[in-house]
1. Place +1 on the Cβ of every Lys and Arg and -1 on the Cβ of every Asp and Glu in the chain, take the dipole about the Cα centre, and give the residue among Phe29, Met203, Thr188 whose Cα lies farthest towards its positive end.
2. Taking the chain, how many lysine pairs are there with alpha carbons less than 30 Å apart, if each pair must be eight or more places apart or span two chains?
3. Tell me the Kirkwood radius of region 155-290: reciprocal of the mean inverse pair distance over distinct alpha-carbon atoms, in Å.
4. Where in region 222-290 are there GluC sites (Glu not before Pro) that are in a DSSP coil and have at most 12 other Cβ atoms within 10 angstrom of their Cβ?
5. Projecting each Cα onto the charge dipole of region 4-279 (Lys/Arg +1, Asp/Glu -1 at the beta carbon, about the Cα centre), which of Phe44, Val55, Ile219 comes out farthest on the positive side?
6. Measure of size requested: the Rg and Dmax of region 1-156, with Cα atoms as the atom set and Å as the unit; please supply both.
7. Using only Cα atoms, figure out Rg for region 4-279 and give it as a multiple of 2.2 N^0.38 Å.
8. Over all pairs of distinct alpha carbons, what does the Kirkwood formula give as the hydrodynamic radius of region 35-120, in Å?
Amino acid sequence: MTIHVAGISAAVGAEVSGVDLRTLDDADFQVIQDAFNQYHGLLFRHQSLDDADLVAFSARFGDLDHAPVMENGQTAVPGRPEIYLVSNIKDDSGKAIGSLGSGEAVWHTDMSYAENPPYASALFAIEVPASGGNTSLCSMAATYAALPADLKARIANLRIKHDGTYNSGGYLRQGVEATDNPREAVGTYHPMVLAHPVTGTPMLYLGRRRNAYIEGFEIADSEALLDEVWQYTALPENCYSHQWQVGDLLLWDNRATMHQRTPFDRNARRLMKRTQIKSVAAPSSAAAGS
Ligand code: OGA
Ligand code: MN
């Protein structure tokens with residue numbers, strides 16, 4: 001098998017073929033790491049990974065996060081604290097075994113309400129529905145580049161508060177108060193325009209739309225400016241949409257991309273396992289001198 005990297009859309013993502021992620025040598029891993037810095041999203045098909053293999057592959061990129069608490073109140077898969085389940089499947093008592101249900105997961109990036117959000121997430125498909133439940137990635141460098149010059153100038157030194165109240169499926173996170181007041185909501189401020197830590201490329205950093213708030217603004221002004229910026233976000237030419245097959249692994253950079261999932265039949269089964277790779281540095285601004 002020879003490793004091969006091929007772009008899968010104009011702005012984001014590449015498929016890496018000719019590798020078995022259980023037995024990667026250092027040379028092939030270097031090819032993967034370089035491709036990840038260039039494409040910000042990587043697809044690997046036909047993988048058969050057990051929990052230990054998924055954790056071992058993910059950990060080649062850096063230390064892994066402890067998975068966040070799932071909607072069912074469980075912290076993780078017993079014995080595998082790094083693995084988070086994304087699933088609509090219910091156990092015998094009718095309780096969901098994982099998070100995000102079967103509805104849409106709106107455009108977002110993972111856990112940006114944290115001070116130092118994960119660098120990357122890996123999502124591995126165990127069971128997939130016949131249709132729907134597609135996951136799209138959007139390039140945030142291409143999104144930034146698409147903004148008109150005057151808008152780039154207006155946002156250059158602003159910070160957004162990234163909401164910690166709701167997850168991308170609209171579910172309340174464990175232990176927080178429900179609120180739709182962006183000023184009162186729990187969250188963390190990050191620069192609105194980041195520099196990619198390896199290439200320095202400017203990237204728009206939005207987190208998600210719900211309860212987002214621009215520091216120091218009146219709510220109405222914050223909402224208006226966010227709406228203006230979001231008009232340039234997730235333009236089809238800047239996105240890649242993935243239709244899953246069992247054995248696919250999709251790895252994305254949580255600063256250089258946002259992702260979204262389409263809804264699917266609630267009676268169909270979808271089971272995905274996710275790991276998150278820690279970031280070594282908090283998001284840093286692309287503005288000169290900061
Ligand atoms: C995630 C996520 C979407 C999906 O795991 O962070 O947003 O396709 N998943 O299940
Ligand atoms: Mn996500």
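Read-outs: derived from the displayed coordinates by stated rules, not from any lab. On a predicted model such as this, the values are computed, not experimentally measured, just so you know. Note: ideal-geometry Cβ built from the backbone for every residue, glycine included; neighbour counts use all protein chains shown.
1. Toward the positive end, the furthest listed residue is Thr188.
2. 8
3. 17.0
4. Qualifying residues, ordered by number: none.
5. Among Phe44, Val55, Ile219, the one farthest towards the positive end of the dipole of region 4-279 is Ile219.
6. Spelled out, the Cα radius of gyration and Dmax of region 1-156 are 17.7, 56 Å.
7. 0.98
8. About 15.0 Å for region 35-120.
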